[in-house]
Amino acid sequence: MNPTATAAPPAPAEQRSAQYDAFHAARARTGLVSRLYAAAMGEDYPAEVAASSSCDWPLLGLMTARLRMRPGQLLVDAGCGTGGIGLWLARALALRLEGFDLSPVAVAQATDRRPHFGMSADRAAFRAADLEDTGLPDSSAHGIVCADALGRAADPDVAVRELGRLLAPGGRLVLTRATRTGTDPIWEEQARAAGLMVEHVDERPAEPATWDRLYRLWIAHADELRRELGEDQARNMLREAHQMLPVLPGRRAVLLTLRRPANVPSGLGAADTMTGPGRHADERTP
């Protein structure tokens, strides 16, 4: 979910951080938002993950298959939110996990969730960082997952290059992307600029309908949202719903898998040791 989805240029990182902090703090006080996600996704809702995104069971399965990681390797969860996706994948695949998010509140919540997934501090760590400047070492990740976060980056081109820098040779970045049906996506161009190759493009035909159901549920439960989340957060969610519902028809959603070729290092690090500014039109992520 993007509580600041607008057509305007992205706000400074500090302002965006405060907005996401307020959202995550409000959501932690009530189970209403999770219940609405569950109602929209039905049996595809992974309750344990409880992500504020389009993450469902089919997406988790695709991510697992496309990452192709081995036990003990390092997974980075980019724009991790409250950590559910990364923690679920790390537990399922016996991985180490490094997650980061712009919101310190979300990072604290993700850290608190580690015991629920049986993950200790030496297996999973979370930090506050931006997609364009992660602070992580070159070639430090065997795999990266980025779910519904790239569209919130101030500069998606820079963010893809930064995530590419983190990948070890042979490592994969799996991320959700969206564009308009019939348009030429910019994925190949962005991948090349980051030294990556497009390995798979998996269509997600059910994703737009999921957002449609969810947004209509938000509108139908507007009074409950105001009562349980507060006026500001409810207003943000309802504004997003009204803005995005008209543009969902014709939306093409995919899971994109990018790979760093095994013989092209991204930097001097070793994985076993731990374009111009602006938002692209195809990255309007709910």
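Per-structure values
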| item | result |
| --- | --- |
| Share antiparallel - DSSP beta bridges, the chain, percent rounded to 5 | 45 percent |
| Gain upon complete extension [residue 47, residue 34; 0.36 nm per residue less C-alpha separation] | 3.9 nm |
| The chain - percent of accessible surface contributed by carbon and sulfur, probe 1.4 Å | 55 percent |
| Peptides ranked, highest mean first, by Cβ atoms within 10 Å: ranges 36-49, 130-143 | 130-143, 36-49 |
| Size of charge dipole - the chain - debye, nearest 20, with Cβ of Lys, Arg +1 and Asp, Glu -1, no other charges | 360 debye |
| Distant-in-sequence amide H partners of residue 113 (H built 1.01 Å from N, under 5 Å) | none |
| Residues with amide H under 5 Å from that of residue 99, placed H, sequence gap 5 or more | 77, 125, 126, 127 |
| From the coordinates shown, mean projected area of the Cα convex hull in nm² corresponds to which of (i) 13.4; (ii) 14.9; (iii) 18.7 | (i) |
| Helical mean residue ellipticity (222 nm; -39500 (n - 2.57) per DSSP H run of 4+; nearest 500) of the chain | -11500 deg cm²/dmol |
| Cα lying deepest toward the dipole's positive end in the chain, options 72, 106, 85, charges on Cβ | 72 |
| Lys, Arg +1 and Asp, Glu -1 on Cβ, resulting dipole of the stretch 89-221 about Cα centre, debye, nearest 20 | 540 debye |
| Inter-centroid distance (Cα atoms) of the stretch 70-90 relative to the stretch 194-266, Å | 19 Å |
| Probe 1.4 Å, accessible area per residue of the chain, Å² | 40 Å² |
| Karplus-derived 3J(HN,Hα), 6.51/-1.76/1.60, for each residue of the stretch 195-208, Hz, glycine and proline x | x, 10, 10, 7, 9, 8, 10, 9, 6, 10, x, 8, 4, x |
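The values are calculated or read from the model by the stated rules, or taken from the named source; none is laboratory data. Predicted model, so just to flag it, every value in this text is computed and none were measured. Don't worry about glycine lacking a Cβ; one is built from the backbone with ideal geometry, like all the others, and counts go over all protein chains shown. Remember, those area values only see protein heavy atoms, side chains included, never the ligands or the DNA or RNA. Shrake-Rupley method; radii C 1.70, N 1.55, O 1.52, S 1.80 Å.
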